[in-house]
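Here is the structure we will look at, set down as structure tokens.
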Amino acid sequence: MSAVTLPVGEEMVSVASTEAIPILATYKRAPMEFVKGEGVELIDSDGKRYLDFASGIAVNALGYGDAGIAKVITDAVSTGLIHTSNLYRTSPGELLAAKLTDRSFASSVFFCNSGAEANEGAFKFARRWARQVGTGAKVEIVALRGSFHGRLFASLAATDRPSYRAPFRPLAGGVSICERDLADLETALDEETVAAVIVEPIQGEGGVRVLDSEFLQGLRKLTAKREIALIFDEIQCGLGRTGHLFAYENSGVVPDMLTLAKPLAGGLPMGAVLVSEEIGATIKPGDHGTTFGGGPLVAAVASYVFDRLSDPSLLKAVRENGAWLGEQLDAIARRSGKVRAIRGTGFIWGLDVVDSANDIVKRGWEEGLLALTAGEHTLRLLPPLIMDRDDLARGVAILEKIISQ
């Protein structure tokens, strides 16, 4: 990494390596420093361009330098209302909530600042509702094998990643993980003790595993019969990434709650819990809270982003280009002999590779491509939803090169 200069008080301090940067080392950061974004590319401090098949981990659905986002931010700042707290009404959050409920099953929305917070909020709402329909024993939250729901204490307990969990035990109680099997779930989902099941329709961090519609339909029937809330975590796979506005729309299943985040506010921090009328009716003032959630600036941007991501022409392009991308990835697998399996839909794909996925990602940096991992031997691809077929083809060509090396 080239030297950068960081302000400290009135002085300037030169930092010559990533190890010297005074940010807590919770991430292994890539060596390049990005200074600009244009369209579907990022540009580093040396002027090198990188085609983005990562989207800031599924956040930058509209790519970089979107003129609409810039205008909304400028207009929002000009009002002077960046923040007011949730003690008072402001129109941007109310308008966004109306849009989300109009386009979904939900009757109300809770806004927060991240996906992990959205899942934690959904767990609380599920327990609040469950005590109304059951007893004080109806508190358990069940997640599935391969799940990832966040890194806070309850969401971490619902995340099936032993290396993430082990250093922080004991985790939050009343949360368990069950196999992705209806027979096992039928045994585990005790109607007297289980408040909710949380499911990713497509398990992103767990290897881009698309859960079968029949499985989800069977789970919906089981949870409805036993008065157990069904939570869909669409933080990574929702808001257009599958070619449908919400991933649940293609499964024939309607959940009781839906959690969103990543692309919702175009890169500004925002999460949301979409809540059914039945569950929403049990939530009272004081049951939950947030200082920043749904503030006027981020909500204004999110309202614009939601309009763009719900555009039928954009969703159609994601479906069609995503199907084409899947065909190209399958061809790479056949030609290279170094891909064991391919999974995905729309603009979310996972490739099980023979080599280390992390090594392949690093080869991509050399060739000007950004990709992600989802396990030791799984590459994860999350292009911006605006990426056209020409840019997808450029990325596919680089992928084949770095996989085949």
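So here's what we get for this one:
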| read-out | value |
| --- | --- |
| Percent of C-alpha pairs per 10 Å bin, the chain, short to long | 5, 21, 30, 27, 13, 3, 0 |
| Anchor Lys138: aspartates and glutamates whose Cα lies under 14 Å away (excluding residues fewer than 8 positions away in-chain) | Asp190, Glu191, Glu192, Glu227 |
| Ascending count of other beta-carbon atoms within 10 Å, so fewest first, for Trp324, Trp365, Trp129, Trp349 | Trp324, Trp365, Trp349, Trp129 |
| Amide N of the range 103-130 lying under 20 Å from the label point, which is placed 7 angstrom from the Cα of Gln217 along Cα→Cβ | 105 |
| Calculated Rg and Dmax of the range 68-309 using C-alpha coordinates, Å | 17.5, 56 |
| The chain: relative contact order in percent, alpha carbon pairs under 8 Å with at least 6 residues between | 21 percent |
| Net charge over other residues, Cβ less than 13 angstrom from the Cβ of Val339 (K, R count +1; D, E count -1) | +1 |
| Cα-Cα pairs of the range 20-119 separated by more than 18 Å (percent) | 68 percent |
| Over the range 70-155: Rg over Rh, Cα atoms, Kirkwood Rh | 1.07 |
| Fewest-first sequence of Cys237, Cys178 by Cβ atoms within 10 Å of each Cβ | Cys178, Cys237 |
| Whichever lysines have a C-alpha closer than 26 Å to that of Lys362, once near sequence neighbours (fewer than 8 apart) are set aside | Lys28, Lys36, Lys48, Lys262, Lys338, Lys401 |
| Mean separation of Cα contacts under 8 Å, 6 or more apart, over the residue count of the range 166-291: relative contact order % | 18 percent |
| The chain, dipole about Cα centre (Lys/Arg Cβ +1, Asp/Glu Cβ -1), debye to the nearest 20 | 260 debye |
| FRET efficiency, Glu227 to Ala98 (Cβ-Cβ, R0 45 Å, nearest 0.05) | 0.95 |
| For Leu369, distant residues with modelled amide H under 5 Å away | Leu51 |
| Sum of side-chain charges, Pro201 neighbourhood, beta-carbon under 11 Å (Lys, Arg +1; Asp, Glu -1) | -3 |
| Spin-label zone in the range 92-133 - amide nitrogen under 18 Å from a point set 7 Å from the Cα of Glu191 along the C-beta vector | 129-133 |
| Selection from Gly134, Phe292, His83, by position along the positive dipole direction of the chain (Cβ) | Gly134 |
| Relative pair counts by distance (%), Cα atoms of the range 282-405, 10 Å bins | 12, 35, 23, 18, 10, 2 |
| The range 316-332 - phi-based ³J(HN,Hα) in whole Hz, Karplus 6.51/-1.76/1.60, Gly and Pro as x | 5, 5, 5, 4, 6, 5, x, 5, 5, 4, x, 5, 5, 5, 5, 5, 4 |
| Cross-link pairs Lys99/Lys316; Lys124/Lys316; Lys99/Lys225 - those with Cα-Cα distance over 25 Å | Lys124/Lys316; Lys99/Lys225 |
| Order of Thr135, Thr101, Thr259, Thr345 under a 10 Å beta carbon neighbour criterion, fewest first | Thr135, Thr101, Thr345, Thr259 |
| Ratio Rg/Rh, restricted to the range 55-99 and using Cα atoms, in which Rh is the Kirkwood radius | 1.04 |
| Förster radius 35 Å - calculated FRET efficiency between Ala166 and Val354, Cβ distance, rounded to 0.05 | 0.80 |
| Net +/- balance of residues flanking Ala302 in space, Cβ distance below 11 Å, scoring K and R +1, D and E -1 | +1 |
| Packing-based ranking, highest mean first, of 352-362, 296-306 given that Cβ atoms within 10 Å are counted | 296-306, 352-362 |
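Read-outs throughout are calculated quantities, based only on the coordinates presented, and are distinct from any laboratory measurement. A quick note: this is a predicted structure, and the numbers were derived from the prediction, not measured. Neighbour counts run over all protein chains shown; Cβ positions are idealised from the backbone, glycine included.
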